[in-house]
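Q: The structure's right below; bear with me while I get my questions together.
Just so you know, all these numbers are worked out from the coordinates, no wet-lab data involved. Keep in mind the model is a prediction, meaning the values are calculated, not measured. Note that we place each Cβ from the backbone using ideal geometry, even for glycine, and neighbour counts take in every protein chain shown.
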Amino acid sequence: MGRQLTISCFRYNPNIPGDKPRMQDYKLEEYEGMTLFVALNDIREKLDPTLMFDFVCRAAICGSCAMLINGRPRLACKTMTRTLPSRFTVMPLPVFKLIGDLSVDTGTWFRDLQVRAEAWIHTNKKFDFNALEVRMDNKIAEDIYDPEQCIECGCCVANCITANIRPDFIGSTGINRLYRFLIDPRDERTDAEYYEVIGNEDGTFGCVGLMACDDMCPKEIPLQENLAYVRRKMAAAGLKLTFQGVKIS
Ligand code: SF4
Ligand code: FES
């Protein structure tokens, strides 16, 4: 017989007039290999079909099931209940717009980030359908693969002090996204052009260095290392622009 779990879930549906934020306890028996995703699914199937939470892949790939588990942002599908006490809380991620209960809208936030950070290859080369594919150096391809592993779960954003108090801060995930293009030789932007995008308090200089993002990334992306690289480049670009007499807005 497994442990009796008490899962205290945040409940609130902003679409129901008069609904009030509250915590609701659900009791269920734990079994071998149970993840929090499985437990929440059991609650929805057996106890309360109205409980809202998100999932797609159940394998730490899609990033949909991130939530605050006992106050820490984690993926429900990657969290074994045996690693938690028999009573614990689950709440929606802060920063993102609440859809209801444990479900938040990370999609709009990340879409906005993509546009603001201009997260695509900038090149003046014309695409030639007949040209042979240009092979990328293995080392560079591997270096790009690391930051590319972001699954847009939002855990680093939810754990970031700056992102919690400044809605326009692009967060370490945004800076990580820019890092991915900075090291890509196909992107022809100059450092000064990158500076225009992230050389400010909403970008690379907004981080106060508490490193809370780094601790929470389920894909173990070295966010602080990547941020430090971008910050060094942007500080140098800022100085250069100042010495060239370019007015920095
Ligand atoms: Fe999630 Fe890590 Fe991407 Fe942040 S950088 S959104 S924690 S996968
Ligand atoms: Fe896809 Fe958890 S369900 S990451």
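Q: If every alpha-carbon in region 61-110 counts as one equal scatterer, what log10 I(q)/I(0) does Debye give at q = 0.14 1/Å?
A: At q = 0.14 Å⁻¹ the computed log10 ratios are -0.35.
Q: Here is a follow-up. What's the FRET efficiency of residue 70 with residue 228 using the Cβ-Cβ distance as r and R₀ = 30 Å, to the nearest 0.05?
A: E(calc), rounded to 0.05, equals 0.50.
Q: Subtract the Cα-Cα distance of residue 132 and residue 244 from 0.36 nm times their separation in residues, and report this length gain in nm to one decimal.
A: Extending this stretch completely gives an extra 36.3 nm.
Q: Of all the Cα-Cα pairs you can form in region 117-243, what percent are over 24 Å apart?
A: 31 percent
Q: Same structure again: Report the Stokes-Einstein translational diffusion coefficient (µm² s⁻¹, integer) for the chain, Rh taken as the Kirkwood radius over Cα pairs, at 4 °C with viscosity 1.567 mPa s.
A: Result for D is 64 µm²/s.
Q: Enumerate the whole-percent occupancy of each 10 Å bin, from 0 to the last occupied one, for all C-alpha pair distances of region 176-231.
A: With a bin width of 10 Å, the distribution comes to 22, 52, 23, 2.
Q: Only sites in a loop by DSSP and with at most 16 other Cβ atoms within 10 Å count here; which GluC sites (Glu not before Pro) in region 130-175 make the cut?
A: 133
Q: OK, next. Collect residues whose amide H, placed 1.01 Å from N in the peptide plane, falls under 5 Å from the amide H of residue 99; neighbours closer than 5 in sequence don't count.
A: 104, 105
Q: Rg over Rh of region 4-104, using C-alpha atoms and the Kirkwood radius, what does it come to?
A: 0.94
Q: Can you give the relative contact order of the chain as a percent, counting alpha carbon pairs under 8 Å and 6+ residues apart?
A: For the chain, the relative contact order is 17 percent.
Q: Related question: In degrees from 0 to 90, rounded to the nearest 10, what is the angle of the helix 223-243 Cα long axis to the longest principal axis of the chain?
A: For helix 223-243, the angle is close to 30 degrees.
Q: Something else now. Between residue 236 and residue 215, 0.36 nm times their residue separation minus their Cα-Cα distance comes to what?
A: Going from the current span to full extension adds 4.8 nm.
Q: Moving on to the next point. Tell me which trypsin sites (Lys or Arg not before Pro) from region 1-88 have a DSSP coil assignment and no more than 16 other beta carbons within 10 Å of their own.
A: Taking region 1-88 and a limit of 16 other Cβ atoms within 10 Å, the loop trypsin sites (Lys or Arg not before Pro) found are 3.
Q: Add -39500 (n - 2.57) for each DSSP H run of 4 or more in the chain, then divide by its residues: what number comes out at 222 nm, to the nearest 500 deg cm²/dmol?
A: -9000 deg cm²/dmol
Q: Which of the GluC sites (Glu not before Pro) found in region 176-249 are in a DSSP loop and have at most 15 neighbouring Cβ atoms, other than their own, within 10 Å?
A: 188, 201, 220
Q: What is the Cα coordinate range of region 45-188 on the first, second and third principal axes, sorted by size from largest, in whole angstrom?
A: Dimensions of region 45-188 along the principal axes of its Cα atoms: 59, 31, 25 Å.
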